Amino acid sequence: MLDKIIQFSINNKLVVGILTLFLIGWGTYSLTQLPIDAVPDITDNQVMVITVSPTLAAQEVEQLVTFPVEQTMVSIPGINDMRSFSRFGLSIVTIVFEEDTD
């Protein structure tokens, strides 16, 4: 069956070309008729404090970098959530604020 379709396409190049142009036109028209649905921004207001200290182990990063940063950031008004991540030489503190916070 595939051999017959290929043979028909080779013998009737004009028909295949017209069908191709018709499909391109139909697709372009359909694209212009699609309704635009804007999706609101659903992400939280958040700040990531990333600190690099390549000579410290994970436990030292937690004690000397992550914990002091967390303690300092607790006093900021409008905080909803705070998460931290400590690895060898890397500290990431994510602070999530309330929606109406600038």
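The values are calculated or read from the model by the stated rules, or taken from the named source; none is laboratory data. Since we're looking at a predicted model, the values are computed, not measured. Neighbour counts run over all protein chains shown; Cβ positions are idealised from the backbone, glycine included. Keep in mind that these areas ignore ligands, DNA and RNA; they rest on the heavy atoms of the full protein, side chains included. Shrake-Rupley method; radii C 1.70, N 1.55, O 1.52, S 1.80 Å.
What the table below lists for this structure:
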read-out: Rounded Å value of the spacing that divides the Cα centres of the stretch 1-43 and the stretch 46-99; value: 52
read-out: Compactness relative to 2.2 N^0.38 Å, alpha carbon Rg of the chain; value: 2.30
read-out: Cα→Cβ-extended label distance, 7 Å offset, between V47 and L19, nm; value: 6.2
read-out: Sulfur and carbon atoms: percent of accessible area, the chain [1.4 Å]; value: 65
read-out: ³J(HN,Hα), Karplus 6.51/-1.76/1.60, whole Hz, each residue of the stretch 38-47, x for Gly, Pro; value: 6, 9, x, 6, 9, 7, 6, 7, 9, 10
read-out: Whole-number percent relative contact order across the chain, with pairs defined as alpha carbons under 8 Å at least 6 apart; value: 29
read-out: Inter-probe distance in nm under a simple model that places probes 7 Å from Cα toward Cβ, at N80 and N12; value: 6.0
read-out: Charge context of T94, other residues only, Cβ under 9 angstrom, K/R +1, D/E -1; value: 0
read-out: Potential extension, L2-T28 segment - 0.36 nm per residue separation minus Cα distance; value: 6.5 nm
read-out: For the stretch 97-102, Karplus couplings with θ = phi - 60° (6.51, -1.76, 1.60), whole Hz, Gly/Pro x; value: 9, 5, 4, 8, 7, 7
read-out: Phi to ³J(HN,Hα) by Karplus 6.51 cos²θ - 1.76 cosθ + 1.60 over the stretch 59-76, Hz, x for Gly, Pro; value: 5, 5, 4, 4, 6, 9, 10, 5, 4, x, 5, 4, 5, 6, 6, 4, 7, 6
